[in-house]
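Below is one structure, written out as structure tokens; comments come after it.
The values are calculated or read from the model by the stated rules, or taken from the named source; none is laboratory data. This is a predicted model, so every value here is computed, not measured. Ideal geometry is used to build each Cβ from the backbone, glycine not excepted, and the neighbour counts take in all protein chains shown.
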Ligand code: PMP
């Protein structure tokens, strides 16, 4: 029987399931950890000022201004900075090139569900390392002979932060193993590993402008590492798509890095809302893991995760849950504005009293 080789694609590859992007007027969307606040006015002005002459040309293939603004923000050299279309693309390049190796890649068993998909796609051998009982990550659980380790910090979807001492242990216990720290949610109270770049050349830090800089719609991701690692990523990028980001994304990202006042205020507002939401959820009978992210990971003491998820959905409130061992009763809720958090709490109160 003749078989078309591409029919295997659907069985060989288990794709990533992205969070839903439902459309509707009265929906409260707290499922994909976007910023609840629009981006800085400076960003919006820069986008509005784009001219036809700028748009008719291809963008700067080096994303020079954006990389320089990111370098200035972090106090590092521009040749330590890489830019891509969202950190998903940056991470895909990392898996594609830097980690294509006969030795294994390790990551926590509960972490970003895209990692195993990229491993399958790019043929990277991998092993998941169980989180401890309390969901914490410990460097000594990770084999020093592995090619690389990737950890989200704070972890997703737990929101738990590994302190920099743990990141240092990872780096020191295996100087020839690459450590990739995925800091998508680092700006909401975490301590970034970027300052460690001056001490360790086996470190790559990946960040995004989708969360703390409110630019998910433009797809801007960054990586920070030694010039050699960044050069490696550049070569991979050039072999695929030598224009990393469109003109609008480069311009907006540059302004977003420059407007550090807006950035701090917006992160502080999200953290304040996180605290009030945590208090309200505890009062409703939830266990709330201590979060350093723009979401909380919660479990009710008496009611199943699936029930609450479905009941909220009926009321137009969309959150996230996974049918995975250990976390099937947990719910991940994005921190919204004060009003959005209030609507969530009122709806939850209603759902729980209707039982
Ligand atoms: N890493 C983690 C841990 C994430 O949760 C996300 C967002 N889904 C990303 C990376 C990718 O973010 P983006 O592509 O929007 O930069």
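Of the residues examined, residue 227 is not one that is touching a helix residue (DSSP H, G or I) at 6+ places or on another chain (Cβ under 8 Å), farther than 30 Å from residue 333 by Cβ and within 16 Å of the ligand (Cβ to nearest atom). The requirement of being within 14 Å of the ligand (Cβ to nearest atom) and in contact with a helix residue (DSSP H, G or I) (Cβ under 6 Å, 6 or more places away or on another chain) is not satisfied by residue 37. Any residue that is touching a residue at least 40 places away in the same chain (Cβ under 8 Å), under 21 Å from the mean Cα position of the chain (by Cα), assigned by TED's automatic domain parsing to the domain that holds residue 214 and within 16 Å of the ligand (Cβ to nearest atom) - is there at least one of those in the range 68-80? Among the residues of the range 68-80, at least one is touching a residue at least 40 places away in the same chain (Cβ under 8 Å), under 21 Å from the mean Cα position of the chain (by Cα), assigned by TED's automatic domain parsing to the domain that holds residue 214 and within 16 Å of the ligand (Cβ to nearest atom), which makes the answer yes.
Of the residues 173, 239, 198, which single one is surrounded by fewer than 18 Cβ atoms within 10 Å (Cβ to Cβ) and modelled with pLDDT under 95? If you could, list the steps in order and put the result at the bottom.
Working: 173 fails: modelled with pLDDT under 95; 198 fails: modelled with pLDDT under 95.
Answer to the check: 239.
For the range 322-343, which residues satisfy the criterion of being within 23 Å of the chain's Cα centre (by Cα) and either farther than 19 Å from residue 292 by Cα or not assigned by TED's automatic domain parsing to the domain that holds residue 27 (or both)? 322, 323, 324, 325, 326, 328, 329, 340, listed by residue number. The strands (runs of 3 or more DSSP E) found entirely in the range 93-196 that carry 1 or more residues being touching a residue at least 40 places away in the same chain (Cβ under 8 Å) and within 16 Å of the ligand (Cβ to nearest atom) are 105-108, 148-152, 178-182. Can you tell me which residues in the range 39-54 are under 29 Å from the mean Cα position of the chain (by Cα) and either surrounded by fewer than 11 Cβ atoms within 10 Å (Cβ to Cβ) or part of a helix (DSSP H, G or I) (or both)? 41, 42, 43, 44, 45, 46, 47, 48 - these are the residues of the range 39-54 that are under 29 Å from the mean Cα position of the chain (by Cα) and either surrounded by fewer than 11 Cβ atoms within 10 Å (Cβ to Cβ) or part of a helix (DSSP H, G or I) (or both).
Of all the numbered requirements in (1) buried (at least 16 other Cβ atoms within 10 Å of the Cβ); (2) under 23 Å from residue 155 (Cβ atoms), residue 233 misses one, and that requirement is (2). Only one of the numbered conditions (1) within 14 Å of the ligand (Cβ to nearest atom); (2) touching a helix residue (DSSP H, G or I) at 6+ places or on another chain (Cβ under 6 Å); (3) part of a loop (DSSP other than H, G, I, E, B) is violated by residue 59, and that is (1).
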